[in-house]
1. Using alpha carbon coordinates only, what is the Rg to Rh ratio of the range 61-119, with Rh defined as the Kirkwood radius?
2. Which log10 I(q)/I(0) values, to two decimals, does the range 121-175 give at q = 0.16, 0.20, 0.29 Å⁻¹ under the Debye formula with one point per Cα?
3. Comparing GLN113, GLN17, GLN82, which has the greatest mean-square fluctuation in the GNM of the chain with Cα pairs linked when under 10 Å apart?
4. Under the rule of -39500 (n - 2.57) per DSSP H run of 4 or more residues, summed and divided by the residues of the chain, what mean residue ellipticity at 222 nm is obtained, to the nearest 500 deg cm²/dmol?
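Just so you know, all these numbers are worked out from the coordinates, no wet-lab data involved. Values in this document were obtained by computation on a predicted structure and should not be read as measured data.
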Amino acid sequence: MFEDYLEDAHHFTLEAQKHKNEREAKRYFRASVFYTLASIEAFVNFVGDTLAQGTKSKIYETAFLTDKKFGIEEGDFRILEQVEYHRLEDKLRFLLCKFVPSFDFANNPAWGQFIEFKRFRDDLTHPRKNEDNIEIVEYRRRLTTGLWSVIQIMNCLCQGIFDKPLRKRLTDLMP
């Protein structure tokens, strides 16, 4: 699904740029923002499910990635049936540290731009105002850097985990 979501995000960005009507353009821009973040969330879920089937990670690592609670039950370490949600950026940080140990969180622009973009999405998801006062040029700027950062992080993880880059048709979506 993450591939479809990335393509949808790109599609909605292109649609937004076609519209002269500000309300219509913002509608498409917001959809693109939501799809962009949904794509990396779906990607992390895909990675978690994939790792759960293999031997590259420990059971508690896949539990963390798949939002399963883990702990001690009857004296043994177990994955429990309870759900325990973890923040997307924590999951990404874990994956990058484990599979791309050279990733420099402080100096890699993709990480900082991703965090900024996620805050932007969170502000749209939980608005504090009744009106969308964000300028079209600001949506365009945020989506350009946000989509780029998401694709960069996914590509980096694909190379680290699967020893191959993200599909070219997806990296070609970068602004």
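1. Here Rg/Rh amounts to 1.11.
2. -0.62, -0.77, -1.09
3. GLN82
4. One gets -22000 deg cm²/dmol as the mean residue ellipticity at 222 nm.
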